[in-house]
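A short worksheet on the structure shown next.
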Amino acid sequence: MLAPRDLPDIAADALARIRARRPRVHCITNAVAQNFSANMLLAAGAVPSMTIAIDEIADFVARADALLVNLGTLDPERRAAIELAVTTAGARVPWVLDPALIDRSPPRRTLATTLALRHPRAIRLNGAEFRALAGAEPSAQTLARHATAQGSVIGLTGERDIVSDGSRTVAIRNGDPLMAKVTAMGCAASAIVAACLAVEPDAFCATAAGLILIGVAGEVAAARARGPGTFAVEILDALHGLDAATITQRARLEP
Amino acid sequence: MLAPRDLPDIAADALARIRARRPRVHCITNAVAQNFSANMLLAAGAVPSMTIAIDEIADFVARADALLVNLGTLDPERRAAIELAVTTAGARVPWVLDPALIDRSPPRRTLATTLALRHPRAIRLNGAEFRALAGAEPSAQTLARHATAQGSVIGLTGERDIVSDGSRTVAIRNGDPLMAKVTAMGCAASAIVAACLAVEPDAFCATAAGLILIGVAGEVAAARARGPGTFAVEILDALHGLDAATITQRARLEP
Amino acid sequence: MLAPRDLPDIAADALARIRARRPRVHCITNAVAQNFSANMLLAAGAVPSMTIAIDEIADFVARADALLVNLGTLDPERRAAIELAVTTAGARVPWVLDPALIDRSPPRRTLATTLALRHPRAIRLNGAEFRALAGAEPSAQTLARHATAQGSVIGLTGERDIVSDGSRTVAIRNGDPLMAKVTAMGCAASAIVAACLAVEPDAFCATAAGLILIGVAGEVAAARARGPGTFAVEILDALHGLDAATITQRARLEP
């Protein structure tokens, strides 16, 4: 049985494998998030691609090691691209669902509900998005129940992150309040989870690893930042320079 | 009667209210500007959203406290989204028109002229855009005349900003030349004006407050920057950390 | 006959002319690259525009001094915009083709092959993209052969950049490994080449100048950076502050 104390080592190991294998991570994400997500993936050692064009999305996903589907800025072409991408991914390419802002848009919530049935390995969301998707207040118990019902790992981010696959649940107390002051930070967290899924077959471990990595990088960045502008720059440097000792010393996990 | 010397206090107060109330500002803006505008809004304390999808734009605008309509990168879906957004906003959600680059594109100018008739609370533009919209050289007199004809506050940015609602006019001498070396800085100024309109019902005061805030933040940033790259980062930190004393000490207004 | 030792002076001169003339550079580029490319062009002294809307692309290109056509994120509207832009450019507006990621997408490669026949002044690409376009391993010989066949200057970027117009070939050993860790750095290099083409009629000199400028700016930035986040900020400052002495001292050329 996996103990939470193993997860920091797993996170450090996942980062080492991303740097060694340079997995391709294809992202269907919103225009606000594309540049920052691509730079976060590069900083971690992965190789991002971002096209949503219907003519070529299948080629990109077929060559990818992981896929991120983010619902932000949902336009008709993006819907069609998502459908093609998820079909192409099938069971071979692990994918992450990021139901961004579904609490604010009924058609987006409908799409998220449908996509959640198609077996994403992980769903990364915040509290308001969890309420909209699962119809329940977020807690270790409701996350575990929803993960079981869905067959996907749920990774909830907020002041305290919670990851559950139904049978295993862990809380992560890393990160910094400045993370909420940079747009698309949650989208970038989802992208890093996708990169971890490309190198770590256990989706619970991969999701926890991704959130540990971004949380620890956020703390390192906050120590150098003077506000949200410098923070967004420093978190790229921090993720790029992150070493195993920093990860294992800083990770704060609770069962 | 409002004196220009009251405006710095009004700007400081508007910023305090944005931080306290966290208004939602929905932005229809170009892909170049989306990320930076979202980060500027977050740095000020507002909550940005950016979708232009036709299926959900009405839901987002209905839940917003202010709306920005920027014409940059004008594609067919964006036109339809603008129409829906302005209709949804009606008289309830204050909105800002940013007729970006209408001097370079006849169809964009036509659209701007039509939109200007639908009562935006404020129109934020530069000198070339004012010439294209109003058919006159920008000056305190022509701005006042155009504001009266239009029924909107006009906020002109440049070396010297001028704000007029027809009866009241003020010039603002803040900012830094590096602001012209960062793309989408004008779009971000329009977004900050929208955030001010969400908390300040007097549209003249809100527009002047927004331009004072971004101008003063620009000066604080310039003191730390070594070029346009560091400047774009520092202005986010400066806006995030701006206090009332800095605003009132630095604001340079002329009647 | 031009000697490679003349090229650093030509690069410094091209930068001086960009700063003096402020050429308009219209970019059809992907959403990931738009903001950074616009900021790089502004840092160099050029005036960027980025619309891809079919209704107005011809107006923007007709008023531009150079055009960049980048195939990243290829959607149907962008294809139509490219067709209109290249037709409008004709022989009057020099244009650069950036066949981004054609090695990963067959429809994108097909489009690149067609566009390459329409006389771009320069084609800027990396090794994998050259292999996909030319069907050969990249070398001074294959580049020269392809440049002759195509009637375009080929500018290959990588650890060592190579520029050839068929009769003249030069290798440039500038830059820094961090350039590969920032998304859209190649797209930005293509945009800078376009800016050089706006002020330098000899396309071989303009392409080499653009790659020298970005390579030297990259070295200056790397000396101040602690990772890819600070590097992306510092290269904007470096390009903005670049002087002729730094260019001629640092440029490392091989025949």
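The values are calculated or read from the model by the stated rules, or taken from the named source; none is laboratory data. On a predicted model such as this, the values are computed, not experimentally measured, just so you know. Counting neighbours? That spans all protein chains shown, and the Cβs are built from the backbone with ideal geometry, glycine included. Ligands, DNA and RNA are excluded from the accessible area calculation, which covers all protein heavy atoms including side chains. Shrake-Rupley method; radii C 1.70, N 1.55, O 1.52, S 1.80 Å.
Largest mean-square fluctuation among A:71, A:41, A:84, in a Gaussian network model of chain A whose springs join Cα atoms under 10 Å apart, belongs to A:84.
Of the DSSP H helices in chain A, those with a Cα length along their own long axis of 27 Å or more and a mean Kyte-Doolittle hydropathy reaching 1.6 comprise A:203-222. Summary for residue B:145: label point 7 Å along Cα→Cβ; distances to the equivalent points in the other copies, ascending, 6.9, 6.9 nm. Here the protein assembly as shown carries DSSP beta bridges of which approximately 35% are antiparallel, counting only pairs with both residues inside. Computed over the range B:67-213, the P(r) tail beyond 22 angstrom holds 31 percent of alpha carbon pairs. Rounded to the nearest 20 debye, the dipole magnitude of the protein assembly as shown is 40 debye, with +1 charges on Lys and Arg beta carbons, -1 on Asp and Glu beta carbons, and the Cα centre as origin. Interface of B with A. Using a 1.4 Å probe and counting protein heavy atoms only, the two chains hide about 2200 Å² of accessible surface, both sides summed. Quick one: compute the contact order of chain B, relative version, from alpha carbon pairs under 8 angstrom and 6+ residues apart, as a percent. Relative contact order here is 23 percent. Computed from the mean reciprocal separation of all distinct C-alpha pairs, what Kirkwood hydrodynamic radius does the protein assembly as shown have, in Å? Evaluated over the protein assembly as shown, this radius sits at 26.3 Å. Taking 1.567 mPa s as the viscosity and 4 °C as the temperature, the Stokes-Einstein diffusion coefficient of the range B:48-136 based on its alpha-carbon Kirkwood radius rounds to 98 µm²/s.
What the pair-distance distribution of chain B shows, using all Cα-Cα distances binned every 10 Å from zero, is 8, 35, 39, 17, 1 percent. At a Förster radius of 41 Å, what calculated FRET efficiency corresponds to the Cβ-Cβ distance of residue C:20 and residue C:173, to the nearest 0.05? The value I calculate is 0.90. Seen from a random direction on average, the alpha-carbon convex hull of the range C:161-224 projects onto 4.3 square nanometres. For the segment A:233-242, counting C-beta atoms of other chains within 10 Å of every residue's C-beta and taking the mean gives 6. The length gained on full extension between residue B:145 and residue B:180, counted as 0.36 nm times the residue separation minus their Cα-Cα distance, comes to 9.9 nm.
Average projection, convex hull of the Cα set of the range A:11-57: 3.5 square nanometres.
Springs between Cα atoms under 10 Å define the GNM used for chain B, and in it the highest mean-square fluctuation of B:35, B:70, B:126 occurs at B:35.
Contact residues in the range C:139-184 (at least 30 Å² less accessible area with all protein chains than alone, 1.4 Å probe): C:181, C:183.
Taking the accessible area of the range B:7-97, probe 1.4 Å, and keeping the other protein chains in place, the carbon and sulfur fraction comes to 53%. In this simple spin-label approximation, residue B:63 and residue C:131 carry label points 7 Å from Cα along the Cα→Cβ vector, and these lie 4.7 nm apart.
Just C:17, C:160, C:124 to compare: in a GNM of chain C, with alpha carbon springs under 10 Å, which one fluctuates most? Comparing C:17, C:160, C:124 in the GNM, the peak value goes to C:160.
Comparing the full protein assembly with the isolated chain, the residues of the range B:100-123 losing at least 50 square angstrom of accessible surface (1.4 Å probe) are B:104. Taken per residue, the accessible surface of the range C:49-115 reaches 30 Å², heavy atoms only and a 1.4 Å probe. Comparing Cα centroids, the range A:10-83 and the range B:232-255 end up 38 angstrom apart.
In the range C:3-47, the residues whose accessible area drops by at least 30 square angstrom when the other protein chains are added to the isolated chain are C:24, C:31, C:32, C:34, C:35, C:39, C:42; the probe is 1.4 Å and only protein heavy atoms count.
Its Cα centre serving as origin, the range C:194-251 has a Cβ charge dipole (Lys and Arg +1, Asp and Glu -1) of approximately 220 debye.
Placing unit charges on each Cβ (+1 for Lys and Arg, -1 for Asp and Glu) gives chain C a dipole about its Cα centre, and among C:60, C:188, C:255 the Cα reaching farthest toward its positive end belongs to C:255.
Expressed as a whole percent, the accessible surface of the range C:167-255 that belongs to carbon and sulfur atoms is 52, based on a 1.4 Å probe.
The shape of the range B:1-109 can be summarised by an equivalent ellipsoid whose semi-axes, obtained from the alpha carbon gyration tensor, come to 26, 17, 14 Å from longest to shortest. Across the range B:102-170, counting alpha-carbon atoms alone, Rg and Dmax equal 11.0, 32 Å.
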